[in-house]
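Worksheet: the structure to be examined is printed underneath.
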Amino acid sequence: QVQLVESGGGLVQPGGSLRLSCATSTSIFNIDDMSWYRQAPGKQREFVAIITSGGTTNYADSVKGRFTISRDFAKNTVDLQMNNLKPDDTAVYYCRARRGILYWGQGTQVTVSS
């Protein structure tokens, strides 16, 4: 069983930055990969970024060059640094861990608005 808790969401103006954090209940050494997804109102949940156990990263085209996923083995967290935020980035952001099966966090709201 893996429990995930996201934090760091909030309201930010266009062009601003936010850093989301996902805390895990187990060592991230024991997790196959971790990723971030988001779901905007009225839309399906979509992939944002992933980091594998080997450290390989991949991003959705819509966030490439603006978002960076990283992990902290000491804190057992996976972060998502989001820069140059746009109104279209407004969504609930979810952390997902794969350790044989998938585990999801409860989500954190990100609102980009002037």
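Just a few scattered comments:
- Hey, GLN44 open to solvent by 20 Å² or more (accessible area, probe 1.4 Å), at pLDDT 95 or above and more than 19 Å from GLY9 (Cα to Cα) or not: yes
- One residue alone among SER25, SER35, SER21 is among the hydroxyl-bearing types (Ser, Thr, Tyr) and exposed (fewer than 14 other Cβ atoms within 10 Å of the Cβ), and that residue is SER25.
- For SER62: the one exception among (1) closer than 15 Å to GLY8 by Cα; (2) out of contact with any Asp or Glu (no Cβ under 7 Å at 6 or more places or on another chain); (3) among the hydroxyl-bearing types (Ser, Thr, Tyr): (1)
- Considering segment 92-111, and only residues there that are open to solvent by less than 80 Å² (accessible area, probe 1.4 Å) and either assigned to a helix (DSSP H, G or I) or of a type outside the set (Ser, Thr, Tyr) (or both), the residue that is nearest to GLN44 (Cα to Cα) turns out to be VAL92.
- Apart from one condition, SER114 fits all of (1) of a type in the set (Ser, Thr, Tyr); (2) over 15 Å from PHE47 (Cβ atoms); (3) part of a strand (DSSP E or B); the exception is (3).
- Cβ-Cβ distances below 9 Å connect the following pairs, each with a first residue in segment 53-67 that is at positive phi, a second residue that is in a strand (DSSP E or B) and of a type outside the set (A, V, I, L, M, F, W, C), and a separation of six or more residues or different chains: GLY55/ARG71; GLY65/TYR59.
- Within segment 47-91, the residues that satisfy the criterion of being among the basic types (Lys, Arg) and surrounded by 15 or more Cβ atoms within 10 Å (Cβ to Cβ) are ARG66, ARG71.
The values are calculated or read from the model by the stated rules, or taken from the named source; none is laboratory data. Source: prediction; values computed, not measured. All Cβ positions, even for glycine, are placed from backbone atoms using ideal geometry, and neighbour counts span all protein chains on display. Surface accessibility is based on the protein's heavy atoms, side chains included, excluding ligands, DNA and RNA. Shrake-Rupley method; radii C 1.70, N 1.55, O 1.52, S 1.80 Å.
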